[in-house]
1. For residue 80 and residue 39 in the same chain, what is the full-extension length gain: residue separation times 0.36 nm, less their Cα-Cα distance, in nm?
2. Quick one: length gained pulling residue 30 to residue 106 fully straight, 0.36 nm per residue minus the C-alpha distance?
3. Going by C-beta contacts inside 10 Å, put 104, 92 in order with the fewest on the left.
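Each reported figure results from applying straightforward, stated rules to the coordinates on display, with no laboratory input. None of the values given here were measured: they were computed from a predicted structure. When we count neighbours, we look across all protein chains shown, and the Cβ atoms used for this are built from the backbone with ideal geometry, even at glycine.
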Amino acid sequence: MLVSTSTSSYMITIQPVTAVAQLDDQIASLPTLAASMLDHQSFVHVNSRSVSIYAVTDPMTRIASWEVSRDQEIVSASISKHHIVVAKKGGELVILKADHNGIEAFWYAPSLGTGAPLIVVLQKPIVKSRL
């Protein structure tokens, strides 16, 4: 489990032995918007600046990342298995696919014009569309 507070973030493992590890500053420097285990060896972490995959090693190793430009911000995110939906400030949506080879953006929706972000909950397979 990833636990994030306003001052720090921790990775807690319960099985086979309960252990708590404080996370690296690059993970804990911004509040966590979403996080999920990708498999037993890596996890996906989303904050307001990026989506990153980390190997669960000591120390943590960043495998891949997808970052927004300086003038943008991720305001909401949802993770479903290997798919991550991010809503950017201004209402833009991007769906990313994450695996051990990296992070790939494969679907993009421009702002809906309302200025309010919309988040999609992924429950069924997604059909790829061209950008």
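1. Numbers: separation 41, 0.36 × 41 = 14.76 nm, distance 1.23 nm.
Answer, rounded to one decimal: 13.5 nm.
2. On the way: separation 76, 0.36 × 76 = 27.36 nm, distance 2.55 nm.
Separation in residues times 0.36 nm, less the Cα-Cα distance, equals 24.8 nm.
3. 104, 92
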